[in-house]
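The structure appears below as structure tokens.
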Amino acid sequence: MNIKRKKEGSNLSVTVNGRIDTATAPAFEAEVKPYLDGVTNLTIDFKDVNYVSSAGLRVLLSLQKKMMVQGEMKLINVSEAVNDVFEVTGFDEILTYEMSE
């Protein structure tokens with residue numbers, strides 16, 4: 001998994017590449033959560049994410065809770081496979097996201 005961050009003012013954009021699973025979820029959280037101070041708009045690009053496990057969902061829920069207090073979080077370019085996981089787990093009702101084209 002590779003992660004790139006770009007912060008502009010109160011906007012933080014994160015691009016994730018790979019799987020977010022038990023092995024990589026802690027690194028994903030460590031690469032995003034500490035950078036949220038002062039951020040009101042968090043955008044996470046899931047274009048190259050092909051799988052999210054329960055550990056990854058836990059991190060997304062944690063980020064969502066934090067951002068609900070200080071702004072908003074949006075996932076973009078979510079694949080059909082990841083969308084299926086969101087729908088089965090009910091996360092499609094919790095997260096704000098856009099499917100990939």
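Please state which one of 43, 24 is of a type outside the set (Gly, Ala, Ser), more than 15 Å from residue 2 (Cβ to Cβ) and without any contact (Cβ under 8 Å) to a residue 60 or more places away in the chain.
On the way: 24 fails: more than 15 Å from residue 2 (Cβ to Cβ).
That would be 43, the only listed residue that is of a type outside the set (Gly, Ala, Ser), more than 15 Å from residue 2 (Cβ to Cβ) and without any contact (Cβ under 8 Å) to a residue 60 or more places away in the chain.
Please return the ranges of strands (runs of 3 or more DSSP E) entirely within the stretch 1-64 where 2 or more residues are in contact with a helix residue (DSSP H, G or I) (Cβ under 7 Å, 6 or more places away or on another chain) and not β-branched (Val, Ile, Thr). First the steps, then the outcome.
Working: elements: 2-8, 11-20, 41-52.
Counting at least 2 such residues, we get 2-8, 41-52.
Of all residues in the stretch 14-40, those that are touching a Lys or Arg at 6+ places or on another chain (Cβ under 8 Å) and closer than 14 Å to residue 64 by Cβ total 5. Among residues of the stretch 6-43 being over 21 Å from residue 57 (Cβ atoms) and basic (Lys, Arg), the one that is surrounded by the most Cβ atoms within 10 Å (Cβ to Cβ) is 7.
All conditions in (1) modelled with pLDDT under 95; (2) within 11 Å of the chain's Cα centre (by Cα) hold for residue 2, with the sole exception of (2).
The values are calculated or read from the model by the stated rules, or taken from the named source; none is laboratory data. What you see is a predicted model, and the numbers here were worked out from it, not measured in a lab. Cβ atoms come from the backbone with ideal geometry, glycine included; neighbour counts cover every protein chain shown.
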